[in-house]
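Note sheet for the following structure.
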Amino acid sequence: EVQLVESGGGLVQPGGSLRLSCAASGFTFGSYDMSWVRQAPGKGPEWVSDINNGGGSTYYADSVKGRFTISRDNAKNTLYLQMNSLKPEDTAVYYCATRLYDYWGQGTQVTVSS
């Protein structure tokens, strides 16, 4: 059974940091390009970041470039998103997914507010 389980979300003040994790199982994680996608309240999904299967190539939406870092540990079957300098506009449910969006996690809530 394919599973993607996000964790690490929570409430943080503007300017703060969070590190999200995505634990993968049930498939060959190291063979898949991976993505982070987010959805703010009342809005459609927004692509955030991609990483290739080996971890050597990364891509970011302009809205998060310079603040977020995507990484992975294939030996641990885990995907990460380090989020720094958080803004209220980053408030959303964050999902990890395979690059072609065939598999998704359940999401983790990130709220940036004073």
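For this structure, a couple of remarks:
- Single residue of segment 14-36 satisfying the filter (assigned to a loop (DSSP other than H, G, I, E, B) and of a type in the set (S, T, N, Q)) that is nearest to the chain's Cα centre (by Cα): SER17
- Test for GLY54: is it on the phi > 0 side of the Ramachandran plot and either in contact with a Ser or Thr (Cβ under 9 Å, 6 or more places away or on another chain) or in a loop (DSSP other than H, G, I, E, B) (or both): no
- Positions within segment 91-114 being part of a strand (DSSP E or B) and open to solvent by 40 Å² or more (accessible area, probe 1.4 Å), in sequence order: TYR95, TRP104, GLN109, THR111
- Among the residues of segment 40-51, none qualifies, meaning not one is of a type in the set (Ser, Thr, Tyr) and closer than 17 Å to PRO88 by Cα.
- Condition met for SER31 (modelled with pLDDT of 95 or more and closer than 14 Å to GLY107 by Cβ): no
- Among residues of segment 37-73, those that are surrounded by fewer than 13 Cβ atoms within 10 Å (Cβ to Cβ), touching a residue at least 40 places away in the same chain (Cβ under 8 Å) and under 14 Å from the mean Cα position of the chain (by Cα), counted: 0
- Only one of ARG72, ARG67, ARG19, ARG38 that is farther than 21 Å from VAL112 by Cβ and basic (Lys, Arg): ARG72
The values are calculated or read from the model by the stated rules, or taken from the named source; none is laboratory data. What you are looking at is a predicted structure, and each value in this text was computed from that prediction instead of being measured. In this analysis, Cβ positions are derived from the backbone assuming ideal geometry, glycine residues included, and neighbour counts consider all displayed protein chains. The accessibility values were calculated without ligands, DNA or RNA, using every heavy atom of the protein model including side chains. Shrake-Rupley method; radii C 1.70, N 1.55, O 1.52, S 1.80 Å.
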